[in-house]
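The structure appears below as structure tokens.
Read the figures in this text as sums done on the coordinates, not as results from a lab. Quantities reported herein were computed from a predicted structural model and do not represent experimental measurements. Note that each Cβ is placed from the backbone with ideal geometry, even for glycine, and that neighbours are counted across all protein chains shown.
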Amino acid sequence: MKFFSRRRVQSWASVRHEVDSAVRFAARRSGSSVDVGDLAFTLAKNVTFMAAFGAQSHGNQGEFAGILLEYSKLFGEFNISDFLPWLRWMDLQGIDKRLKVARQAIDRCIDDHLANPKEADAQDADMVDGMLAFLGDSGDTNEGGDLHGDLSLTRANIKAIIMDVMFGGTETVALGIEWAMAELLKSPEELKRTQQELASVVGLHRKVDDSDVDKLPYLKCAVKEMLRLHPPLPLLQHQATQDCELARYFIPVGTRVFVNAWGIDAWKSPNAFRPSRFAPGGDAAAFDFRGSCFELLPFGSGRRSCPGMQLGLYALELAVAQLLHRFDWSLPAGTKPGDLDMGDVFGLTAPKAVRLMAVPTPRLTCPPL
Ligand code: HEM
């Protein structure tokens, strides 16, 4: 299913729009400290919202941010009924009630889309329209149909995918932007090289355009190196579809297997941020990160690999390119690159433990956007 393919013009346009908004925000804060993590989160949240729900639900962006926040809290909540299931009916902490309220918002979104149906192929169709084409039309919207060969979705499936996208799309892109900026600020030589490439390919008289990004090989290496060092979803969760043997361990069918993408040991100086390893002539130049090289799996691999990879990469590369091209970045007074805290937080995703604060100074000769 190509929910996030280039044909969904609106998702791609929203990336450009949101990157421009982020640049405008940074320009207004020029000379003062900006919370780069916050900036990246707002950008990524709006991009995901448009990809998933399109213009149809534009008015509900605040609600979307609220649900994201609520689910993040609920995921981390200690639920006594998980340990004492016979207490579940009492819902002592009110967790089930909160989950129900959050789920209702997603139900409303599906109902809105059902009330205003669009062809899945229409240019203004969004992900939910795309999925509804796979829903049975028997009138019982909880039953999956068989409209497209083997594939059918139930309403519960669709709700689960919406949740996957909300989390899969937002934090990953946001963390990627923040980590890339943090690594580059920590390595002034790498920052200089990336900005020099931008200056010579794009020039200092205009902003970065879509078509420029493919002509920025070093910037792409820097993003790839960030994804190697800080895969935003480090634990890939899969399930064995047949009995198999791996490294002399027997893995029975149905076993849930976690692959630690971050822990794959295939690198020289694994902890160093060294984008040139991926540049032509570099020791890792041949490594791809789209799922075919098992050494580098920031987007996973196989049938359950990330369906939003193209969109995520596009957002990540364009945002980093624009931010580095439009501004010179420095650390707040008194902070040296070596002082940057590069620790992360253990969890489903791998956010920076301490948000990156940095000071933008305009770099281009053209007026602000
Ligand atoms: C740099 C950005 C991104 C990274 C690094 C990333 C990474 C991943 C990874 C590692 C997985 C699990 C794959 C596996 O287990 O093999 C995944 C799944 C997923 N991602 Fe992404 N992702 C990104 C952006 C996005 C975006 C922008 C969207 C949607 C707007 C998205 C939607 C999803 C969904 C729906 C899944 C679940 C797929 C399934 O369960 O079959 N991701 N992503």
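At a glance:
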{"quantity": "Loop-located chymotrypsin sites (Phe, Trp or Tyr not before Pro) in the range 273-311 whose Cβ has at most 13 other Cβ within 10 Å (DSSP)", "calculated": "Phe294"}
{"quantity": "Qualifying chymotrypsin sites (Phe, Trp or Tyr not before Pro) in the range 184-258, DSSP loop, other Cβ atoms within 10 Å at most 16", "calculated": "none"}
{"quantity": "Residues with amide H under 5 Å from that of Val34, placed H, sequence gap 5 or more", "calculated": "Ala358, Val359"}
{"quantity": "Using θ = phi - 60° and Karplus 6.51 cos²θ - 1.76 cosθ + 1.60, couplings along the range 209-224 (whole Hz; Gly, Pro as x)", "calculated": "9, 2, 5, 6, 4, 5, 9, 10, x, 6, 4, 5, 5, 5, 5, 5"}
{"quantity": "Computed magnitude of the charge dipole of the chain (debye, nearest 20; Cβ of K, R +1, Cβ of D, E -1)", "calculated": "980"}
{"quantity": "Relative exposure of Val47, Val23, Val345, judged by other C-beta atoms within 10 Å (fewest first)", "calculated": "Val345, Val23, Val47"}
{"quantity": "Order by protection proxy (mean Cβ within 10 Å, highest first), peptides 227-236, 350-359, 327-336", "calculated": "227-236, 350-359, 327-336"}
{"quantity": "Distance (nanometres) between label positions extended 7 Å along Cα→Cβ at Leu204 and Glu295", "calculated": "3.8"}
{"quantity": "Dimensionless Rg ratio for the chain, taking C-alpha atoms and the 2.2 N^0.38 Å reference", "calculated": "1.05"}
{"quantity": "³J(HN,Hα) computed for each position of the range 109-123 - Karplus, 6.51 cos²θ - 1.76 cosθ + 1.60, integer Hz, glycine/proline x", "calculated": "5, 5, 4, 4, 5, 5, 6, 10, x, 10, 4, 4, 8, 4, 4"}
{"quantity": "For the range 312-326, 3J(HN,Hα) per residue [Karplus equation, 6.51 cos²θ - 1.76 cosθ + 1.60, θ = phi - 60°, Hz, x = Gly/Pro]", "calculated": "x, 5, 4, 4, 4, 5, 5, 5, 5, 4, 5, 4, 6, 7, 6"}
